[in-house]
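The values are calculated or read from the model by the stated rules, or taken from the named source; none is laboratory data. This structure is a prediction, so every number in the text was calculated from the model and none was measured. Every residue, glycine as well, gets a Cβ built from its backbone with ideal geometry; the counts of neighbours run over all protein chains shown.
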Amino acid sequence: MSCSSKSPGVLISEVGPRDGLQAVKASMPTADKFRWIDALVAAGLREIEVGSFVPARQLPQMADVAEVVRHALTHSGLTVMALVPNLRGAEAALKAGVHKLTIPVSASAAHSLANVHRTREEMIEELRAIVRLRDEIAPQVRVETGISTAFGCTLQGLVAEDDVVWLASQCIAAGADESGLSDTTGMANPAQVRRLFKRVRAAIGDQTGAAHMHNTRGLGLANCLAAYDVGVRTFDSSLGGLGGCPHAPGASGNVVTEDLVFMFEAMGVSTGVDIEKLMAARAPLIAGLPGEPVYGMTPAAGLPKGWRQAQALARALTL
């Protein structure tokens, strides 16, 4: 779902089953993954990144990804998404039946080599091959690229905004349906987010995709709001704030889905998510990863008194 300033609501794309689980040492049992996804769907989430198609020796946490996809596909109305770093992964994901492929393409030359062992230009060629395969065997599947390290890189340092705009444009030219921006290393600030999303939107229009923000320095929600202010309507987040990038030292912690949903709903912006059921979805996550810390200010504080009335009023005032 590309960003559109005309949309009255937002799409929350839950990435915990992929981004969250690949960042922890333990592997969640497959049955617990099923229960977690079921709870997320019950809360009203309409798009879930359920895993990544990578060799099990590299990420044993994702060894059961095809089984998880098959289970997720039993939920009608859910967009089942998976990350694929290369053509082989895309082939396996398409065979499993996913609705959407996400391909990480790094704006940082150093991060690209560390993360996918390819240069940025080589990743564009890999994307072209993935799009050709998609067109041949599953033309209904959408392909999105996430421009990782778009706001800075712990390996390289500064990332030129011109490089980000160029790369997003190259991804669309190579056949991607949309291209979003990822704060992989948690270095973004709201002014930078507004500026860069505006520049990307000027280059690729409505094919501008999701904002994927990390909360490493406490600016995750502020950066999401900044992106919303300039027309972004799809936001990646992770239940309990799990996640990070193994090749971005110190950059753990996705935006907490519970806090993101609370912010938008409190503003009167519809997410389609029941926040009480969403917080209940923490139970299967915690059960499947005993001892793993989970985060979130809203679950810790609880919903404020008169929440339902305040939510209804806020929504009425935005119409």
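Some observations on this one:
- Conditions (1) surrounded by fewer than 20 Cβ atoms within 10 Å (Cβ to Cβ); (2) of a type in the set (Gly, Ala, Ser); (3) free of Cβ contacts under 8 Å to residues at least 40 places away in the same chain; (4) more than 25 Å from Val273 (Cα to Cα): number failed by Ala188: (1)
- Positions within region 116-155 being surrounded by fewer than 21 Cβ atoms within 10 Å (Cβ to Cβ) and assigned to a strand (DSSP E or B), in sequence order: Arg142
- Close pairs from region 279-297: first at negative phi, partner among the β-branched types (Val, Ile, Thr) and at pLDDT below 95, Cβ under 9 Å, at least 6 apart: Arg282/Val294; Leu285/Val294; Ile286/Val294; Leu289/Val24; Glu292/Val24
- Scope region 198-219; condition crowded, with 24+ Cβ neighbours inside 10 Å and either assigned to a helix (DSSP H, G or I) or over 18 Å from the mean Cα position of the chain (by Cα) (or both); matching residues: Val200
- Hey, Ala310 modelled with pLDDT of 95 or more and surrounded by fewer than 18 Cβ atoms within 10 Å (Cβ to Cβ) or not: no
- Residues satisfying the stated conditions in region 78-122, i.e. in contact (Cβ under 8 Å) with a residue 12 or more places away in the chain and on the phi > 0 side of the Ramachandran plot: Gly97
- Any hit, region 267-288, residues being within 21 Å of the chain's Cα centre (by Cα), surrounded by fewer than 20 Cβ atoms within 10 Å (Cβ to Cβ) and modelled with pLDDT under 95: no
- Leu317 vs. criteria out of contact with any Pro (no Cβ under 7 Å at 6 or more places or on another chain) and either in a strand (DSSP E or B) or modelled with pLDDT under 95 (or both): yes
- Residue identified as within 30 Å of His117 (Cβ to Cβ) and basic (Lys, Arg) among Arg282, Arg195, Arg199: Arg199
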